[in-house]
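Participant: I am attaching a structure below and will ask some questions about it afterwards.
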Amino acid sequence: MITTPKAVRPRVPALLWIPAAGALVLIVLPLAGLVVRAPWAQVLPRLTDPAVTESLRLSLVCSFAALGLSLLVGVPLAWLLARVEFPGKALVRAAVLLPLVLPPVVGGVALLLAFGRNGLAGPLLDAAGVRLPFTTAGAVLAETFVALPFLTLSVEGAIAGLDRRHEEVAATLGSGPLRVFGTVTLPLVAPALAAGGALAWARALGEFGATITFAGNLPGETQTLPLAVYLLLQDDPDAAIVVSLLLLAVSAALLIALRARWLSPLRSRPGALP
Amino acid sequence: MKGLSARLSGYLEAELDVPAGETVAVVGPNGAGKTTLLRALAGLPARSAADLTLDGERVTDLPPHLRAAGYVPQDGGLFPHLSAVRNVAYGLRARGTSRQQARTVAQDWLNRLGVAEFAARRPAELSGGQAQRVALARALAVRPRLLLLDEPLSALDVTARAGVRHALRTHLAEYPGVCLIVTHDPVDALALANRMLVLEDGKVAQDASPGDVTRAPRSAWVARLLGRNAYPGTADDGGIVLDDGFRLVTADPLPGNGPALAVIHPEDVALYRSRPEGSPRNTWPARVELVTPVGTRLRVATRGTGGGPDAVAEITPAAAADLTLAEGVPIWVTIKATEVTLTPL
Amino acid sequence: MRGRARVAAAACAAVVALALGTGACASGSAAGGETTLTVLAAASLTETLNAAKPAYEREHPGVKPRFSFAGSQELAAQVRQGAPADVIATADERTMSGLGDDVTKPSVFATNRLRIAVAPGNPKRVRGLADLTRKDLTVVLAAPTVPAGRYARQALGRAGVNVAPRSEEKDVKSVVTRIRLGEADAGIVYGSDVAAAGKAVSGVAIPDAQNVTARYPVAVVSTTEHREHAQALVTWMSSPAFRKELTARGFGTP
């Protein structure tokens, strides 16, 4: 018997293989559980249920609004943390990280204590005629609260790691600081911006604790998909599984699309060098 | 007055007046303050502050984007996310030129610098020489009053270097503003500049025409860069006491005593296998360190062993064969008093 | 290929071993001659059961009840998925009957009547269910999928009142929290919740004609390994001592 020699491939040591495979099992097996146990016959009627489509719509609206708000305030904050020295900076950075470690329900309570009717900013908001708890705006705010650190961390790291020369050259070419930020700094951190944005959006989409605690749970107003899943779980676990799968599918589809469209053109095309 | 007038304080202490149209080569060892000078003039964060007047307008307090000083950092600093033509158009757009107009002017500048066909490429897809030309086009396109080039040629290979040097020569000749160009290659300085500013340890060591600097270098660093033996020391009657205590005799002593630089051309350094008898008064034992061919001659680096300084000699291959020179061989170094040139520092 | 299968198997083994190791610490089996009973109980029983625990342990040496409090539906789901529990007490009979053969012989040990929870001192002067339609009131209810939410809607139905809540909370405790924090002005909760909140909220009675009685059943989980001890606990929950504890905390007894 003649054997064709196999091409040599790099060997991956078992000491890395086994824990890595273990991590995969830990992540994939629960997903597999959802897929296997899903009542597939019910999927279509469940997903076209107006209550579910309403929650899905609200989830998409809120998560993208939270992403937009995160970009609006998170990118300047990242710039500030990366570039400007000021007293108490270490404290500010720790505060920015806080929502990452805070249990979301506690985050929701904290938001109530800040922006609720009796919260610190309550009288101010009241005077302005703004009510956040029990409103979609409140849901967006809660999602932004938990999603913001993902974006800020990612972008701050990228800005801090930037080669300052490009911004300096842009300045000598006549660009004011704001124009430099928009035309040089931002495009150069675009990959980190896209990655951080995707993470922040995914976090906002799956947000449960802070949203239900701060904004409450009202179909069509603040009941996003994760809230719907939680309440369905008490009454109708099969439906909860179907809706969870929907949440999974939507996030997976968007994250994959984002990766393909946003991240790859920024890599230099191989073989293009003369 | 058209041109530049600057006074620098801080890490680099210097005064500089350059009429419009002149190109100054800034040379000096690492840490001398060359990049500091450029950055301070451009208005960028630097270890020195520059009080700067351009064409009669005091711009000291203006931020970089209002100074109209073109700055090209070492490898060009092209924006990696923009194509070559958009890199060049960037400054024009920043100054309010319309997109279409900026593109046309940018393409024209790429043409002038011979890189028109690479207009659509990203910097990552350009060679070092092409990138440097695009960076130059970008700086020139905004017609700055002051052009600051930081080692534009140092990262290039020999062929690209000659091409970019030629392009620089052409465009600097017709450039109406003041240009400062940092280099560590005397050939570049001679080819491109009509004035040379030698910096050492944050001070101006010499500010003269390239010819004057090569004829009478006033800095050990420049002298060695030019291939000379250079020894700083203190001049006395009839000679110079080097910083390490060794004394060289000269036939042409300085009128006064004080810090001075002794410069000796390698061709005037003679080597012998045994101590020479007779006239030369500057002679000391040494050991051969390195022998390298230079053109048709051999360059011999020696290390003083009896208190004498290190010295470089240039000899013919025939002489070398007579001496049976090889690395590590003990030797006698001899320099005639008439060949030791002293320059006051 | 074979090598890879081996690696995958090893990885599975590692994760399973990890899970077992973690699980072992939490298992209810006896250690040093002591029996630990895992009791899944409705969240509204939290204060009562914790308060009664020392007395129970005194009367039953060697038996330590360990409580896990959550919404009744969650508890039922845990039992259905085979959680290692010995006793389950829910806040409604419907959830318990849904468990079928997973539990044995449920018996009602407590009742709970609905009350309207309002801010301390009732500053908005809520007098009954009919007031909950007032425009100046922010009303929250428990979600219709949880027992308290279902009962609240039954009571509103009996009163002929149509209320649009600003939020459907995930459990009855969250309704109380809204009132405590001042985010809502009124909510329908159990009498036991008002009692447990102490001075933080006030309660407004709902007339018997409109009110709904929640009946709390308790049962032994079929898969228990400590059937005798579990049954003893269920019996004790109908004892005069425990009933005293219940009435002190706003519950009724059957």
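Participant: Tally time: how many residues in the stretch C:122-170 are out of contact with any Leu (no Cβ under 8 Å at 6 or more places or on another chain), among the small types (Gly, Ala, Ser) and away from chain A (no Cβ under 14 Å)?
Facilitator: Qualifying residue count for the region: 4.
Participant: Can you work out which of the residues in the stretch A:75-92 that are farther than 21 Å from A:Leu132 by Cβ and touching a residue at least 40 places away in the same chain (Cβ under 8 Å) is nearest to the other protein chains (Cβ to nearest Cβ)?
Facilitator: A:Arg83
Participant: While we're on this one: Look at the stretch B:152-191 and say how many of its residues are closer than 22 Å to B:Ser127 by Cβ, open to solvent by 20 Å² or more (accessible area, probe 1.4 Å) and touching a residue at least 60 places away in the same chain (Cβ under 8 Å).
Facilitator: Number of matching residues: 3.
Participant: Now for a separate question. How many residues, within the stretch B:44-61, are part of a loop (DSSP other than H, G, I, E, B) and within 14 Å of another protein chain (Cβ to nearest Cβ)?
Facilitator: 4
Participant: Here is a check on your reading of the model: is B:Leu136 assigned by TED's automatic domain parsing to the domain that holds B:Asp17, within 23 Å of the chain's Cα centre (by Cα), assigned to a helix (DSSP H, G or I) and surrounded by 22 or more Cβ atoms within 10 Å (Cβ to Cβ)?
Facilitator: Here the answer is yes, as B:Leu136 does meet what is asked.
Participant: Could I ask something else about it? Is there any pair linking a residue in the stretch A:132-145 that is free of Cβ contacts under 8 Å to residues at least 60 places away in the same chain to one that is hydrophobic (A, V, I, L, M, F, W, C) and buried (at least 24 other Cβ atoms within 10 Å of the Cβ), with Cβ under 8 Å and at least six apart or on different chains, and which?
Facilitator: Correct list of pairs: empty, since none qualify.
Participant: Which ones in the stretch A:2-44 are aromatic (Phe, Trp, Tyr) and under 30 Å from A:Asp236 (Cβ atoms)?
Facilitator: A:Trp40
Participant: For the stretch A:205-256, give me each residue that is in contact with a Phe, Trp or Tyr (Cβ under 8 Å, 6 or more places away or on another chain) and away from chain C (no Cβ under 14 Å).
Facilitator: A:Leu254
Per-residue answers, yes or no, for (1) within 19 Å of the chain's Cα centre (by Cα); (2) surrounded by fewer than 14 Cβ atoms within 10 Å (Cβ to Cβ); (3) among the basic types (Lys, Arg):
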position: A:Leu26; (1), (2), (3): no, no, no
position: A:Trp40; (1), (2), (3): no, yes, no
position: A:Ser55; (1), (2), (3): yes, no, no
position: A:Ser63; (1), (2), (3): yes, no, no
position: A:Ala66; (1), (2), (3): yes, no, no
position: A:Leu69; (1), (2), (3): yes, no, no
position: A:Gly74; (1), (2), (3): yes, no, no
position: A:Leu80; (1), (2), (3): no, no, no
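Participant: Tell me, which strands (runs of 3 or more DSSP E) wholly within the stretch C:182-251 include 1 or more residues that are touching an Asp or Glu at 6+ places or on another chain (Cβ under 6 Å)? Spell out how you get there, then give the answer.
Facilitator: Details: elements: C:186-190, C:202-205, C:213-221.
Answer list for the stretch C:182-251: C:213-221.
Participant: Which members of the stretch C:73-116 meet the condition of being open to solvent by 10 Å² or more (accessible area, probe 1.4 Å), part of a helix (DSSP H, G or I), small (Gly, Ala, Ser) and within 13 Å of chain A (Cβ to nearest Cβ)?
Facilitator: Listed by number, the list holds a single entry, C:Ala77.
Participant: Quick check, is A:Gly33 within 30 Å of C:Gln81 (Cα to Cα) and small (Gly, Ala, Ser)? Step through it out loud before you land on a result.
Facilitator: On the way: within 30 Å of C:Gln81 (Cα to Cα): yes; small (Gly, Ala, Ser): yes.
Here the answer is yes, as A:Gly33 does meet what is asked.
Participant: Within the stretch C:198-211, can you find the residues that are in contact with a strand residue (DSSP E or B) (Cβ under 6 Å, 6 or more places away or on another chain), within 24 Å of C:Leu49 (Cβ to Cβ) and either open to solvent by 70 Å² or more (accessible area, probe 1.4 Å) or not small (Gly, Ala, Ser) (or both)?
Facilitator: Selection gives C:Val201 alone.
Participant: Another question, if that's okay. What residue, among those in the stretch B:221-238 that are among the charged types (D, E, K, R) and under 18 Å from the mean Cα position of the chain (by Cα), is farthest from B:Leu254 (Cα to Cα)?
Facilitator: The qualifying residue farthest from B:Leu254 (Cα to Cα) is B:Arg224.
Yes/no per residue for (1) within 25 Å of B:Asp252 (Cβ to Cβ); (2) in a loop (DSSP other than H, G, I, E, B); (3) in contact (Cβ under 8 Å) with a residue 60 or more places away in the chain:
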| residue | (1), (2), (3) |
| --- | --- |
| B:Leu290 | no, no, no |
| B:Glu314 | yes, no, no |
| B:Asp322 | no, no, no |
| B:Val333 | yes, no, yes |
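Participant: Here is a list: C:Thr213, C:Thr235, C:Thr247. Which entry is out of contact with any Leu (no Cβ under 7 Å at 6 or more places or on another chain), of a type in the set (Val, Ile, Thr) and closer than 30 Å to C:Gly82 by Cβ?
Facilitator: Unique residue meeting the criteria: C:Thr235.
Participant: Output the number of residues of the stretch B:192-220 satisfying the condition of being at pLDDT below 85, open to solvent by 20 Å² or more (accessible area, probe 1.4 Å) and of a type outside the set (Val, Ile, Thr).
Facilitator: 3
Participant: Starting from the stretch B:1-25, take each residue that is at negative phi and aromatic (Phe, Trp, Tyr) and list its partners that are assigned to a strand (DSSP E or B) and at pLDDT below 90, counting only C-beta distances under 6 angstrom and pairs at least six apart or across chains.
Facilitator: Close Cβ pairs satisfying both conditions: B:Tyr11/B:Ser48.
Participant: Restricting attention to the stretch A:118-139, which residues are open to solvent by less than 20 Å² (accessible area, probe 1.4 Å) and either assigned to a helix (DSSP H, G or I) or out of contact with any Leu (no Cβ under 9 Å at 6 or more places or on another chain) (or both)?
Facilitator: Once the filter is applied, which keeps residues that are open to solvent by less than 20 Å² (accessible area, probe 1.4 Å) and either assigned to a helix (DSSP H, G or I) or out of contact with any Leu (no Cβ under 9 Å at 6 or more places or on another chain) (or both), the stretch A:118-139 yields A:Gly122, A:Gly138, A:Ala139.
Participant: How many residues are within 25 Å of the chain's Cα centre (by Cα) and surrounded by 23 or more Cβ atoms within 10 Å (Cβ to Cβ) if we restrict to the stretch C:117-138?
Facilitator: Here the count works out to 3.
Participant: If we keep just the residues of the stretch B:62-75 that are at pLDDT below 90 and in a loop (DSSP other than H, G, I, E, B), which is farthest from B:Asn111 (Cα to Cα)?
Facilitator: B:Arg67
Participant: Do we find that B:Pro19 is loosely packed, with under 15 Cβ neighbours inside 10 Å, assigned by TED's automatic domain parsing to the domain that holds B:Glu174 and under 30 Å from A:Leu178 (Cα atoms) in this structure?
Facilitator: So B:Pro19 does not fit the description; no.
Participant: Also: Do we find a residue being under 22 Å from A:Gly174 (Cα atoms), crowded, with 22+ Cβ neighbours inside 10 Å and not polar (S, T, N, Q) anywhere in the stretch B:27-37?
Facilitator: yes
Participant: Check A:Gly157, A:Gly209, A:Gly216 and return the single one that is under 22 Å from the mean Cα position of the chain (by Cα), on the phi > 0 side of the Ramachandran plot and not β-branched (Val, Ile, Thr).
Facilitator: A:Gly216
Participant: Checking B:Gly91 against (1) under 30 Å from B:Ser9 (Cβ atoms); (2) in contact with a Leu (Cβ under 7 Å, 6 or more places away or on another chain); (3) in a loop (DSSP other than H, G, I, E, B): exactly one of these is not met. Which one?
Facilitator: Status for B:Gly91: all satisfied but (3).
Participant: Something else: Quick check on the stretch B:102-118. Is at least one of its residues within 26 Å of B:Val26 (Cβ to Cβ), within 22 Å of the chain's Cα centre (by Cα) and open to solvent by 10 Å² or more (accessible area, probe 1.4 Å)?
Facilitator: No, every residue in the stretch B:102-118 fails to be within 26 Å of B:Val26 (Cβ to Cβ), within 22 Å of the chain's Cα centre (by Cα) and open to solvent by 10 Å² or more (accessible area, probe 1.4 Å).
Participant: Residue under question is C:Ser174, and the condition is that it be in contact with a Phe, Trp or Tyr (Cβ under 8 Å, 6 or more places away or on another chain) and either under 28 Å from A:Glu221 (Cα atoms) or not in a loop (DSSP other than H, G, I, E, B) (or both); does it hold?
Facilitator: Criteria not met by C:Ser174.
The values are calculated or read from the model by the stated rules, or taken from the named source; none is laboratory data. Keep in mind that what you see is a predicted model, and the values were worked out from it rather than measured. Ideal geometry is used to build each Cβ from the backbone, glycine not excepted, and the neighbour counts take in all protein chains shown. For accessibility, only protein heavy atoms count, side chains too; no ligands or nucleic acids. Shrake-Rupley method; radii C 1.70, N 1.55, O 1.52, S 1.80 Å.
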